[in-house]
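Colleague: The following block contains the structure, expressed as structure tokens.
Laboratory data are not the source of any read-out in this text; all were calculated from the coordinates shown. None of these values were measured; they are calculated from a predicted model. Note: ideal-geometry Cβ built from the backbone for every residue, glycine included; neighbour counts use all protein chains shown.
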Amino acid sequence: MKKLRLATLWLDGCSGCHMSLLDMDERLLDLAASIDFVYSPLVDVKTFPETVDVTCIEGAVSSAEDEHKLRTVRERTALLIALGDCAVTGNVPAMRNSCGIGQVMTTVYCKREALNPQIPATGLPTLHDQALPLHSFVKVDLFIPGCPPSADTLFSALTALIEGRAADLRLNTRFGA
Ligand code: SF4
């Protein structure tokens, strides 16, 4: 049987959703028989492949770099999954949306910094005005809420995809922890 080409991407998130992937523990070995991890923070591949069957994306879109990555991945992915509440709704990264970038920068680099407070002139990401969920930019094929989604939920979803079934997540997903 042809293996599923799976990628994962980490945008503006805390990595907790990727930790849930690792929390599948020994079930990862079961999945490895049917899945090739072709790109992920969890594997040592530097370039996103030209064609991928499924990509799970953690995190909101908060910067020009995030948006560029997301659009590239969408073009190269057959089925795109919003993984976790940040990708689905904006969640924690979107808490800055009501403040404006100026206030966020001042708070982070000036008000909370005792030694030489100043906003760096270089090296910062080009932040969008708002941190937004994936579907604000591209078509999303499957939403898996949770902060983070449980390992059981992810295993169930990936198993369904391997078997060519639609993942029915109604009973084992919810927003928040
Ligand atoms: S959904 Fe929760 S666990 Fe996942 S990246 Fe966002 S804050 Fe972290």
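Colleague: So, by mean Cβ neighbours within 10 angstrom, what's the order for 100-107, 146-153 with the highest one leading?
Modeller: The packing order, highest mean first, is 146-153, 100-107.
Colleague: Still on this structure, I have one more. What are the lysines whose alpha-carbon lies under 20 Å from the alpha-carbon of Lys139, with same-chain residues fewer than 8 places away excluded?
Modeller: Lys69
Colleague: Given charges of +1 on the Cβ of Lys and Arg and -1 on the Cβ of Asp and Glu, with all other atoms neutral, how large is the dipole of segment 1-59 about its Cα centre, in debye to the nearest 20?
Modeller: The dipole of segment 1-59 has a size of about 220 debye.
Colleague: Further, regarding this structure: Only Lys, Arg, Asp and Glu count, each charged at its Cβ (+1, +1, -1, -1), so figure out the dipole size of the chain about its Cα centre, rounded to 20 debye.
Modeller: Once rounded to the nearest 20, the dipole reads 300 debye.
Colleague: Sort Leu28, Leu124 so the one with the fewest other Cβ atoms within 10 Å of its own Cβ comes first.
Modeller: Leu124, Leu28
Colleague: In degrees between 0 and 90, to the nearest 10, how far off the longest principal axis of the chain does helix 151-162 point, with axes built from Cα atoms?
Modeller: Tilt relative to the chain: about 50 degrees.
Colleague: Could you give the size of the charge dipole of segment 54-144 about its Cα centre, using +1 on the Cβ of each K and R and -1 on the Cβ of each D and E, expressed in debye and rounded to the nearest 20?
Modeller: Dipole about the Cα centre, nearest 20: 60 debye.
Colleague: Calculate how steeply helix 64-76 sits against the longest principal axis of the alpha-carbon atoms of the chain, using the helix alpha-carbon long axis, and give the answer as 0 to 90 degrees to the nearest 10.
Modeller: Once rounded, one gets 20 degrees.
Colleague: Another question about this same structure. What's the FRET efficiency of Asp30 with Ala166 using the Cβ-Cβ distance as r and R₀ = 25 Å, to the nearest 0.05?
Modeller: Given R0 = 25 Å and the Cβ-Cβ separation, E is 0.75.
Colleague: Here's something else I'd like to know. Would you compute, from DSSP H runs of 4+ residues alone, the mean residue ellipticity of the chain at 222 nm, taking -39500 (n - 2.57) per run and dividing by the full residue count, rounded to the nearest 500?
Modeller: After summing the helix terms and dividing by the residues of the chain, the value is -7500 deg cm²/dmol.
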